[in-house]
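We did not get these values from a lab; they are worked out from the coordinates using the rules stated. All values derive from a computational prediction rather than experimental measurement. Here the Cβ positions follow ideal geometry from the backbone for every residue, glycine too, while neighbour counts run over all protein chains shown.
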2 protein chains.
Amino acid sequence: MDKSELLALLQPTFATYGFNGASVARLAAATGLGKASLYHHFPGGKNEIAGVLLRQAVEQLQSKVFVASGKRNSPNERLAGMIDRFSEYCNDGQSYCLVALFAQEQAPVIDQPAIAEQFAAWRTVLAQCYEADGHKPKAANRAAASLVNTLYGALLMARMTDEPKLFLQAAKRCKNQLLN
Amino acid sequence: MDKSELLALLQPTFATYGFNGASVARLAAATGLGKASLYHHFPGGKNEIAGVLLRQAVEQLQSKVFVASGKRNSPNERLAGMIDRFSEYCNDGQSYCLVALFAQEQAPVIDQPAIAEQFAAWRTVLAQCYEADGHKPKAANRAAASLVNTLYGALLMARMTDEPKLFLQAAKRCKNQLLN
DNA sequence: TCGACTATAACGAACGTTCGGTTACCACAG
DNA sequence: CTGTGGTAACCGAACGTTCGTTATAGTCGA
């Protein structure tokens, strides 16, 4: 059992129960290993696991979601692509974002200023697309902030109510709105 | 020290640390009482306290926020009022919503189907306003869902980054959008 | 035989909870 | 006014459990 397999088995437990709710016993059970065996792979214990998964989530958002890929495409297409990739990231609203989850619990693995910077950077990426699409700078910033808010709000809503479709519908609305 | 005072002292601890993170020791410390004394007021222990606070939050959203008050006002003014009252509810983005927090941790005090119903009802209240404002039923439903998503998304964002202004700005944008 | 891996069993600390008993307060009989 | 009884409020100390962690030892392919 190698490390990336383990992490894949561990992630859902954190995503389901949050940092505090994911006990080492539960985490070990999720992998099929004994608690002590987990410590062989992650000597830093629970904090190390959570830290790796958190960095993984941020990295994924950074490299797979909030990138204005396809320079040949129109700004709108690039924005739509980001929405689609965020949708993939959260499994169409079925999986929650560890960054949001850990941040809300004030988990010890969270570096809040860094998270704030990260989200600001992602908003900037979005804003640049909106600007390239003809929005004035201020309007572009507003639209970018709105989009991130809506996506995360929809994801939160989907989780609260256990209705992933609430996310899918919101994502669709966001994309439709780009066509104006 | 009466019960409502106690609850007021206890709420911030839950709001800050979440259900799992709010230990009885912390809760007791927040009130200045000993742990045993808390059990005098709340024999049901931590679950009872969290349950009361949760019901309080839902009740507040129900009776103070998502009510189409002021029948004489225009639908837009009523929607704007709800945004304002939600803003008050979350202290301009500085306090988090216990419903959202507990729901995300899958806290034992949460009845997810009930929460889902509750939010559906609130979306309906909003949708009726949008309809009264001339939107077609489907468009009204979409607008209502978007508004809730955005408000909660902005609140989540504000908490994640510890920047309440992200919420205030979003609330302002929502209100401006009503004027079209 | 060695090193990577897993498991059993236990550790101290913190958890939520309960017990036994002390204080503070107030009604009321003397 | 004093004294007595009852009750609500409160607390220190401990309960049993679970937490995250670790010491120790066994398994097994190379």
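Over the whole of B:160-166, what's the average partner chain Cβ count within 10 Å per residue? Rounded to a whole number, please. Working shown, then result.
Values: counts 14, 9, 6, 4, 0, 0, 7.
For peptide B:160-166, the averaged partner shielding equals 6.
Residues B:55, A:173, A:123 in ascending order of nearby Cβ atoms (within 10 Å, fewest first): B:55, A:173, A:123. Which parts of region B:86-103 would a label at residue B:69 reach, counting a residue when its backbone N lies under 17 Å from a point 7 Å out along Cα-to-Cβ? Of the residues in region B:86-103, B:86-92 have backbone N under 17 Å from the label point off residue B:69.
Each copy carries residue A:5; placing its label point 7 Å along the C-beta direction from Cα gives inter-copy distances of 6.0 nm, listed from smallest up. In nanometers and ordered shortest first, the copy-to-copy spacing of the residue A:74 label point, defined 7 Å from Cα toward Cβ, is 3.3. Using every pair of distinct Cα positions in chain B, the Kirkwood expression returns a hydrodynamic radius of 17.4 angstrom.
The residue B:56 and residue B:1 beta-carbon pair, evaluated with R₀ = 22 Å, returns a calculated FRET efficiency of approximately 0.80. For chain B, the relative contact order works out to 22 percent when only alpha carbon pairs closer than 8 Å and six or more residues apart are counted. Shown is the FRET efficiency for residue A:139 and residue B:117, computed with R0 = 35 Å from the Cβ-Cβ distance and rounded to the nearest 0.05: 0.40.
Think of the axis that spins chain B onto A; the B residue whose C-beta lies nearest it, and the distance in whole Å, is B:153, 1. Remark: label point of residue B:92 defined 7 Å out from Cα along the Cα-Cβ vector; separations to the same position in other copies 4.3 nm, ascending. So, in chain A, how many Lys pairs have Cα atoms under 22 Å apart, if the pair is 8 or more places apart or on different chains? Final tally of qualifying lysine pairs is 11. Given a 10 angstrom Cα cut-off, can you work out which residue in A:132, A:22, A:140 is the most mobile in a GNM of chain A? Among A:132, A:22, A:140, the largest mean-square fluctuation in the Gaussian network model of chain A belongs to A:132. Note on the protein assembly as shown: Rg/Rh from Cα positions, Kirkwood definition for Rh, rounded to two decimals, is 0.98. Between region B:34-73 and region B:77-104, the alpha-carbon centres lie 14 Å apart.
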